[in-house]
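A short write-up of the structure that comes next.
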Amino acid sequence: MGVREQGRNAGAEVERIIKFAGGRVGDAWCSWYAVACMRWAGVLVPRFGAARAWFDKVHTVYLAGHPVPGKPAPQPADLLGFRWGNPQISHVEILKLWGTGAFCRSLGGNTGGGGARQREGEGVYENWRQKRQVWAVANVIDNPKY
């Protein structure tokens, strides 16, 4: 929390996150932020720079507004995938709270505050997201191998 860009996809803290996760300075960094958080927590996930890479058939537990049969319910530390007008997932955030209502709580890098719906933001923010905006949820913690 509190990380803010200095320029576009730049700034000392942003660049530290991107480099630690395995990206190149200047990359869009929502996925690099997810990689960094997982690795800082000791979960050895792949170094995915593309948000859509997290959401394969093995890891996806929620898709297009519905739970995937036979998969666990979304839980904290799962990854949320957003399309926001794109044909494929273009933004990823970390789930903090799924809950039973219409909203979930998430933490994301390269996003905006106040629930901003944007692929390219300017920092790390915690947001309430409408579940209907979530295209997919990936359970990575229980199976970090891809």
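A few remarks follow.
- One residue stands out in the range 1-30 among those that are assigned to a loop (DSSP other than H, G, I, E, B) and among the acidic types (Asp, Glu): the one that is farthest from residue 109 (Cα to Cα), namely 27.
- Residues that are under 19 Å from residue 112 (Cβ atoms), surrounded by 13 or more Cβ atoms within 10 Å (Cβ to Cβ) and of a type in the set (D, E, K, R), drawn from the range 5-26: 5, 13
- When residue 25 is tested against (1) at pLDDT below 95; (2) in contact with a strand residue (DSSP E or B) (Cβ under 9 Å, 6 or more places away or on another chain); (3) β-branched (Val, Ile, Thr), only condition (2) is not met.
- Candidate set: the range 3-18, residues that are modelled with pLDDT of 95 or more and under 17 Å from the mean Cα position of the chain (by Cα); chosen: the one farthest from residue 78 (Cα to Cα): 14
- Top-ranked residue in the range 59-113 [being β-branched (Val, Ile, Thr) and either assigned to a strand (DSSP E or B) or in contact (Cβ under 8 Å) with a residue 60 or more places away in the chain (or both); ranked as farthest from residue 11 (Cα to Cα)]: 61
- Some residue of the range 78-86 being among the hydrophobic types (A, V, I, L, M, F, W, C), farther than 17 Å from residue 125 by Cβ and surrounded by 12 or more Cβ atoms within 10 Å (Cβ to Cβ): no
The values are calculated or read from the model by the stated rules, or taken from the named source; none is laboratory data. From a predicted model like this one, the values you see are computed outputs, not experimental measurements. All Cβ positions, even for glycine, are placed from backbone atoms using ideal geometry, and neighbour counts span all protein chains on display.
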